[in-house]
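What follows is a set of notes on a single structure, which appears directly below.
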């Protein structure tokens, strides 16, 4: 019963944080001479008002869900990993290389091979963070942040040189994915099947965390390390597996973006999905089921940037400001809850 109460309070805290961020954002719009209600109405219409809006929102939501899981799974074992962006770009890169190696095989095998290669590449990248944390005590947050820059540097080097498609002159682009390997769209919608893969991944991981022995062990390691040590759990193995699984989700996001949206790897892949995933994970309170609706809301906000630009002349990055305000509000609410817990503990201890 207490667990459900804590979950309900966490949901209310996230909702309150979003409302507070919207109030600040509305005040910011008012200062600039815009009607906040009109801006919010346009945000809603651009995200959920029409079928076309929903298509853009769901397309944006798919990679955000998977990069959020890259934060959620390590968090379940007590780690704060923010390396989803690096795992995503390497996943896209691996999908391109795998597609080139598998060129000529049956379409289904080629598509699955490209997605699997992306997942493995992302998984190994975050696996390295877990290994550094467990084996050498390296701070996982700093390590994952720095590895993001290394992954992007490797990506840019390969795309602009060894695997560049020189027939594309507007920007550096890798070899194209064979057309038969590309992921199609859902019948009747201009949304690729990646959204279905992302939702199913969230559902499967939610089941594993709530209904399996390994998921229970992850929760023990993240909730009480001493209890995990006392019960003889293989802490190192659990931490490394959680990191690999989280990285695999982000790598899968990159592979889906390449095989379903762009058709090749380019700078268009580095748009901050990994960082948005951090916000989604915090808002969802590290719950894979909560990731689904939160990612759709944040995906809708991202998809509305162009509409705000056309309607009010605002920069396309205006939605990033709103996301930043939400993130700060969530951090503030989390810290307030922590302060209340500490004060309550001291009062009881006194």
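Read the figures in this text as sums done on the coordinates, not as results from a lab. What you see is a predicted model; the values in this text were computed from it and never measured. Please note: Cβ atoms are built from the backbone with ideal geometry, for glycine as well, and neighbour counts cover all protein chains shown.
Here are a few things to note about the model shown:
- Gyration tensor (alpha-carbon) shape descriptor, the range 249-334, a/c threshold 1.5: oblate
- Inter-probe distance in nm under a simple model that places probes 7 Å from Cα toward Cβ, at residue 44 and residue 320: 2.8 nm
- Between the range 230-287 and the range 122-157, the alpha-carbon center distance in angstrom: 12 Å
- Approximate shape of the chain as ellipsoid semi-axes (Cα gyration tensor, √5λ), whole Å, largest first: 32, 29, 18
- Cα gyration tensor shape for the range 161-244, rounded if a/c is under 1.5, else prolate or oblate: oblate
- Here the label points at residue 204 and residue 168, each 7 Å from Cα along the C-beta direction, are separated by 2.8 nm in the simple model.
- The range 1-120: C-alpha gyration tensor shape, a/c 1.5 cut-off, then a/b vs b/c: oblate
- Per-residue packing, averaged as other Cβ atoms within 10 Å, sorts the ranges 78-86, 285-293, 271-279 into the order 78-86, 271-279, 285-293, beginning with the highest.
- Förster radius 45 Å - calculated FRET efficiency between residue 154 and residue 189 (Cβ-Cβ, nearest 0.05): 0.85
- Rounded FRET efficiency, nearest 0.05, which uses the C-beta distance separating residue 32 from residue 225 and R0 of 45 Å: 0.40
- The chain - mean residue ellipticity at 222 nm from DSSP helices (-39,500 (n - 2.57) per run, n ≥ 4, rounded to 500): -25000 deg cm²/dmol
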